[in-house]
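See structure below.
Each reported figure results from applying straightforward, stated rules to the coordinates on display, with no laboratory input. Note that this is a predicted model, so its numbers are computed, not measured. With ideal geometry, Cβ positions are generated from the backbone for all residues, glycine too; neighbour counts draw on all protein chains shown.
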Amino acid sequence: DAGIRRLAARRLEDLDLLFEVMGSDSDDSVRDAAQRRIWQLLAGEAGSVPEEEAAKRLNRHKDPQMAEYLMRHSTSRQVRRLALSMLDKPALLAEIAMQDADGDIRLEALQAIDRLPTLERLAREARGRDKRVARLAREMVDELRDQQERPLRQLKAVERMEGYAGLQQPDQTAVTHLHAEWQQLQQDAADELKTRFATAHQKAQQA
């Protein structure tokens, strides 16, 4: 009887058996009951599972739903940090960054976010609530904006140097300043842009 199996699953404490039931029972409600029981055990809400065992099980299965449940309900900091590393929902990460009781976990959640609008919102909302989150969010916004704008800045620097190279008597002070600016920009520039800049700089110096 599926109802009896479901009730039995809710009382089991053997994780191996619960995983077997979750993966093989023919009834959806029994599988769901086994899954829920596993999550409760790993979270420390029922029974007694050492945090090392809970972390090992989570790391083995890498189930995003399990990770989200443990992130919200586990009593173990080790398990919660591992669960956090498996989450990729920007809205959930933002919620954790703003509301989690653990300050270090709030920062870790923030560092996992790579969407500029979300980071901008967190930088605003964390002001006055969590100075560390607000400061880090602002730093991440600045860095992300720089990454997004850098290719355009690189291209404009190359075009400016090519403009100087086309003059009969280019301003050497301006050429020197632009070359110094390029040293900061060129690190991840495309080889084509590096070649164009070097050629234009040589022509500008010769002129």
(message) Over 10 Å intervals from 0, what percent of Cα-Cα pairs in region 55-115 sits in each interval?
(response) 25, 59, 16, 0
(request) Calculate, axis by axis, the spread of Cα positions in region 104-207 along the three principal axes, and write the results as whole Å, longest axis first. (result) 58, 25, 19
(message) What are the ³J(HN,Hα) couplings of region 186-192, residue after residue, when phi is run through the Karplus curve with 6.51, -1.76, 1.60 and θ = phi - 60°? Round to Hz, x for glycine and proline.
(response) 7, 3, 10, 6, 5, 4, 4
(request) Please state, to two decimals, what the Cα-based radius of gyration of region 103-163 comes to when divided by 2.2 N^0.38 Å (N = residues). (result) 1.47
(message) Given an 8 Å cut-off on Cα distances and at least 6 residues of separation, report the relative contact order of region 1-82 as a percent.
(response) 24 percent
(request) Note down the magnitude of the dipole of the chain about its Cα centre, charges +1 on Lys and Arg C-beta and -1 on Asp and Glu C-beta and zero elsewhere, to the nearest 20 debye. (result) 520 debye
(request) Report the one residue of His73, Gln154, Trp39 whose Cα lies farthest in the direction of the positive end of the charge dipole of region 34-157 (charges on C-beta: Lys and Arg +1, Asp and Glu -1; origin at the Cα centre). (result) Gln154
(message) I need two numbers for the chain: Rg to one decimal and Dmax as a whole number, Cα atoms only, in Å.
(response) 27.5, 93
